[in-house]
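Values in this text are rule-based calculations from the coordinates and carry no lab data. These numbers come from a predicted model, not from an experiment. Counting neighbours? That spans all protein chains shown, and the Cβs are built from the backbone with ideal geometry, glycine included.
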Amino acid sequence: MRLLKFEGENFVFRFEKIDKQILFCLLRRYPACSAPLTPETMKEGEVIGPDLHLLEASLEEQRVGHRKQVEAILSDEGRFQEDELGYRFYLTEPQIDCLLQILNNISVGSWLQLGRPNPQMGKGSQITEKNIELAWAMDSARLFQSELLKALRQKQEFQ
């Protein structure tokens, strides 16, 4: 995936056929991290406040909205235009923002499920047949995020 050009309000990306398949597989994993604070995400001794239920309800509403947006984006026949090199993928800035939030959820959720690996601190996860999909999802989501963020930066530079 790479940015080709800006066309009006659209960002036009080049997708190889495998990129489209990977993106669709990734987005099926959403949400990978459903609650802001769970026993897995809390620090030792941390107490859940009374407002957590309001936060969880708000986040659930946001996840439902994101899911609808992504389904609309991906089901739009004109969104992916096939050519001899793969696909041209058209997104607006709000659609990119939505995808970034979803990809972040997938990346963070996969990281949490892997046990919070941190190779810089010497804390890694042993990759096994059981968790290889989580490592793949975490890294793939980060790669898509990186390209989307690079496209947003490029647009800012042109303005």
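Before moving on, here are some points about what is shown:
- Any pair with Cβ under 9 angstrom, 6 or more apart, that starts in segment 63-84 at a residue that is under 18 Å from Ile18 (Cα atoms) and ends at one that is aromatic (Phe, Trp, Tyr) and assigned to a helix (DSSP H, G or I): Leu74/Phe24
- Among the residues of segment 116-127, some residue qualifies, meaning at least one is hydrophobic (A, V, I, L, M, F, W, C) and part of a helix (DSSP H, G or I).
- Tabulated pairs, segment 12-30, first part of a helix (DSSP H, G or I), second not hydrophobic (A, V, I, L, M, F, W, C), C-beta under 6 angstrom, 6+ apart or interchain: Lys17/Gly86; Lys20/Tyr87; Ile22/Ser140; Leu26/Ser140
- Single match in Ser110, Ser58, Ser146, Ser140 (criterion: surrounded by fewer than 17 Cβ atoms within 10 Å (Cβ to Cβ), closer than 26 Å to Lys20 by Cα and hydroxyl-bearing (Ser, Thr, Tyr)): Ser146
- Matching option when the condition is hydrophobic (A, V, I, L, M, F, W, C), crowded, with 17+ Cβ neighbours inside 10 Å and in contact with a Phe, Trp or Tyr (Cβ under 6 Å, 6 or more places away or on another chain), among Ile73, Ile102: Ile102
- Of all residues in segment 104-113, those satisfying the criterion of being over 16 Å from Glu60 (Cα atoms) and either not in a helix (DSSP H, G or I) or not hydroxyl-bearing (Ser, Thr, Tyr) (or both) are Val108, Trp111, Leu112, Gln113.
- Of all residues in segment 93-116, none satisfies being polar (S, T, N, Q) and more than 21 Å from the chain's Cα centre (by Cα).
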